[in-house]
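Structure first, then comments.
No lab work stands behind these numbers, since they all come straight from the coordinates. As the structure is a prediction and not an experimental result, all values here were calculated from the model. Here the Cβ is made from the backbone with ideal geometry for all residues, glycine too, and neighbour counts use every protein chain on show.
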Amino acid sequence: MKSFSLFHFLAFFALSFQNSQESDADCLPTEVMVRVFDEYHGWRHKCKNVCPENQYVYRARCYTTCPISTFPQENGFIKYCVNNGEFSCPESICRKESPFCFNDLCLATCPEYTVSYKKSCVLRCPPEGKYVTAYSCTGVCYSGNNKTCTQACPESHPFVFRSTYLNHCLDKCPLFTAVNGTRCNLNCPIERPYLYKGKCVSACPPERPFVSLWNTLFNKIPVCTDRCHEGMGSFQNVCVPVCPSDSPYEYRRECVRQCSEDRPYVKSTPSKRATIYYQQCVKTCPKSEKTWEKAKQCVFECPKTTLLFNKTCVSECPSSFPFNYTKENSEIKHECVKICPPHTYQYNYNCFDSCPANLKYYLSNCTKECPKVSPYISSNNTTCVKSCGKHEVYSGNACAKICPEEHKYIANKRCVKFCADTHDLQQKIKQGILCLKPPCPTNTSHLEGTNQCVERCPQNMLIINGICKNSTSCPDGKYKENSTIGVVCVGKCSSAFYVDGNRCVKKCSSKQVIDGRNCSVNCSSAKPYRFINVTDYENPMTVCVLYCPEGFLIFRNKCIEYDDCINKLRVVYQDGCYDSCPPPTVLDSRTTCSYDTVVLYTTFEAVSFSLAFILFLFILFMCCYKGRLGCKCKPSSAKELEDAATLVDESNEEI
């Protein structure tokens, strides 16, 4: 019970919504409601006489498919969705002012595309009144109001035309039918297949010699006509939309086997393949196309077997333009030119962007054989050259980047089968095997026990005096040094290496210091201080130095930065960093040590006394010295002693 109530509620809601959507249209009983799109208001409903094509009428509305419980019915002009008895009404139910009954409604006229029968508006005439006469239109029509179903055609419309669903009474037969008494036939018999002025004939008359297929809603019938319609061509007096393969060319709207002299060239248009204009006969080819004279055709590109000259495809060039220019990467492959253009190569009467594979380059020409002045063929582009390049070898009369296997040895830059001298040394290079006189080149070493010069000595061997030997140690006084050709025994390490025992190394270990060019555990007395060189941040090295660099202080035989000393609460004295001031200095600021003033004064007095005593001894010595020369050394008088004391005092004051 609840579900039933819900269904009725939804149905009521749907009808209410539908009515709200249709509020913009209020149609007459003879009209139908059509849903149309308005660019200003969107989808709206409008009233019209008929529905759009392929839509059905049901209860004065248009539908794309018939609703449930109805079935489609049509008469060739309109489609309806009907129930049983949809178009039947009781007789004499309607009055004179609205005499016609339709869908239980009394109307003044029947709706469009329905016909009256016994005061009812029906879709088709019933069998008992199977002929329909439309007085309000001409021809095979079913519109207007004045149309009725009768048992026979009236005298005013005596001709009968049978359409798919209806028998029409007409005042004359349509043009696309053949008159047979009062019948309008849709077809002609085989022996008289053509329609001419309403009659079937076996051949069209001279005044209308062409046969055209007439397509209508009701039939397809060949009709005699005086000319073919636009877009049609004639083939054996038959109008065709496409010319047949045995007469493919259109000439004045006629299909022909070949074009005539007044229009000798064939112009093809692929986009018109399904029309008679696919291949047309023209007087001259368009400006965008070339003329292929031999085939009498207009082409976008000349065939490969032809050459372009003056927008014409020719078999050979004229004497005034004798050169055949064969182009690369161009729409025009072959063109007749007066002379070969710049940057091209000439061979006989041919010009090339690049010489063909069977020819060689020499200056601006292509040649079969290189001349004596440039007898060799380059390995890059088959150019004739005087000599082969630095990294090339001579292989016959050609330059090669690699010698062939059967001539893999190289002597004097030439590929040979084998080295001439059995004592020759050999070296593998990119071009082949090089024959050499001893010794091996500087960039190689001689592999002991062989005749091979190798670019790199094996890892388990050493190079001693240019020979790659099977040894693990160098002779006394020699150092092992890595090189591009292997490990070499040298008397002195190269400038880029350091000495670490008996080895030449690129870098000392992190536990070692660099003393000169040696890796050592400790610095020597000649360079006692350690300085960490951080110029290379990835490989910092500890170097032994005699003096610390500017900005650095000595701390326990190491060079440290001034700020590093201060930040660690140490003190600075002269060039050194100390945990505390060394005696006799004292801390005169937070970070610096200096001598105390009292100590300095005492020291000054001691020095003055020492100098005075020395002066006294000097005078005494001089006095004794003079006595030896004949002067008597007698005791000094009081005055002399006083003068001597005064002299000592003056000397002390000066000091």
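Work out the FRET efficiency for Asn518 and Tyr547 from their Cβ-Cβ distance, taking R0 = 25 Å, and round it to the nearest 0.05.
0.80
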Exercise for review: Measure off 7 Å from each Cα along the Cα-to-Cβ vector at Lys304 and Arg252, then give the distance between these two points in nanometres to one decimal.
Suggested key: 4.1
Check your understanding: Given the rule -39500 (n - 2.57) for each run of at least 4 DSSP H residues, summed and divided by the residues of the chain, what is its mean residue ellipticity at 222 nm, to the nearest 500 deg cm²/dmol?
Key -> -4000 deg cm²/dmol
Review point. Cα-Cα over 28 Å: which of Lys401/Lys437; Lys511/Lys568; Lys96/Lys147; Lys290/Lys360; Lys199/Lys272; Lys96/Lys130?
Key: Lys290/Lys360; Lys199/Lys272
Practice item. List His229, His407, His334 from most exposed to least, where exposure is judged by having the fewest other Cβ atoms within 10 Å. Key: His229, His407, His334
**Study point:** Under Karplus coefficients 6.51, -1.76 and 1.60, residue-wise ³J(HN,Hα) of segment 264-280 in Hz, glycine/proline x
**Key:** x, 9, 9, 10, 9, 10, x, 5, 10, 4, 8, 10, 6, 8, 4, 10, 9
Revision key, fill the gap. When the charge dipole of segment 17-171 is computed with +1 on Lys and Arg Cβ and -1 on Asp and Glu Cβ about the Cα centre, the Cα farthest towards its positive end, among Cys81, Tyr131, Phe102, belongs to Tyr131
Study note, to complete from the structure: Taking a straight Cα-to-Cα line shorter than 17 Å from Lys338, and setting aside same-chain lysines fewer than 8 residues away, one finds Lys311, Lys327
Review point. How far is it, in nm, from the label point at Arg44 to the one at Asn412 when both lie 7 Å from their Cα along the line to the Cβ?
Key: 10.5
Review point. On the first, second and third principal axes, largest extent first, how far apart are the outermost C-alpha atoms of the chain in Å?
Key: 201, 95, 52
Point to revise | Label zone at Gln236, where the point sits 7 Å out along the Cα-to-Cβ direction: segment 260-290 residues whose backbone N lies under 19 Å | key: 276
Study note, to complete from the structure: Tilt, helix 597-628 to longest principal axis of the chain (alpha-carbon atoms), in degrees rounded to tens, equals 30
Review point. Given +1 on the Cβ of Lys and Arg, -1 on the Cβ of Asp and Glu, and no further charges, what dipole in debye does the chain carry about its Cα centre, rounded to the nearest 20?
Key: 3400
Revision key, fill the gap. The extension gain from Glu331 to Tyr562, computed as 0.36 nm times the residue separation minus the Cα-Cα distance, is 75.2 nm
Check your understanding: Put +1 on the Cβ of each Lys and Arg and -1 on the Cβ of each Asp and Glu in the chain; which of Cys340, Cys27, Val488 then has its Cα farthest toward the positive end of the dipole?
Key -> Cys340
Point to revise | Length released on extending from Ser525 to Phe613, taking residue separation times 0.36 nm less the Cα-Cα span | key: 27.6 nm
Exercise for review: Sort Ile93, Ile276, Ile68 so the one with the fewest other Cβ atoms within 10 Å of its own Cβ comes first.
Suggested key: Ile68, Ile93, Ile276
Practice item. Please give, to one decimal in nm, the separation of the simple spin-label points placed at Lys386 and Asn533, each 7 Å out from Cα toward the Cβ. Key: 5.1
Practice item. Take Tyr573, Tyr80, Tyr40, Tyr325 and order them by how many other Cβ atoms sit within 10 Å, fewest up front. Key: Tyr40, Tyr573, Tyr80, Tyr325
Exercise for review: Return P(r) of segment 168-322 (all Cα-Cα pairs; 5 Å bins starting at 0; whole %; ordered from short to long distances).
Suggested key: 2, 9, 14, 14, 13, 10, 8, 7, 6, 5, 4, 3, 2, 1, 0, 0, 0
Review point. Does anything in segment 114-147 have its amide N under 12 Å from the 7 Å Cα→Cβ label point of Asn167, and if so which residues?
Key: 125-133
Point to revise | Summed side-chain charge close to Pro441 - residues other than Pro441 whose Cβ falls under 14 Å, Lys, Arg +1, Asp, Glu -1 | key: +1
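Could you calculate the FRET efficiency of Glu293 with Leu175 from 1/(1 + (r/R0)^6), where r is the beta carbon distance between them and R0 is 56 Å, rounded to 0.05?
The computed FRET efficiency comes out at 0.70.
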Point to revise | Difference of contour (0.36 nm per residue) and Cα-Cα distance, Glu191 to Leu217 | key: 6.9 nm
**Study point:** Karplus-derived 3J(HN,Hα), 6.51/-1.76/1.60, for each residue of segment 505-516, Hz, glycine and proline x
**Key:** 10, 6, 8, 6, 5, 5, 8, 10, 10, 9, 10, x
Study note, to complete from the structure: With Cα coordinates, the longest principal axis of the chain makes an angle with the long axis of helix 638-654, in degrees rounded to 10, of 10
Practice item. Take the Cα of Val201, step 7 Å along the line toward its Cβ, and report every residue of segment 212-251 whose backbone nitrogen sits under 13 Å from that point. Key: 212, 223-227
Point to revise | Local electrostatic count, Gln452, Cβ distance below 14 Å [Lys/Arg +1, Asp/Glu -1] | key: 0
Point to revise | Sites Lys130 and Arg273, calculated FRET efficiency, Cβ-Cβ separation with R0 45 Å, nearest 0.05 | key: 0.40
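From the C-alpha coordinates alone, can you work out the Kirkwood hydrodynamic radius of segment 17-171, in Å?
16.6
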Check your understanding: From the cross-link list Lys480/Lys558; Lys197/Lys220; Lys408/Lys469, which pairs have alpha carbons spaced over 24 Å apart?
Key -> Lys480/Lys558; Lys408/Lys469
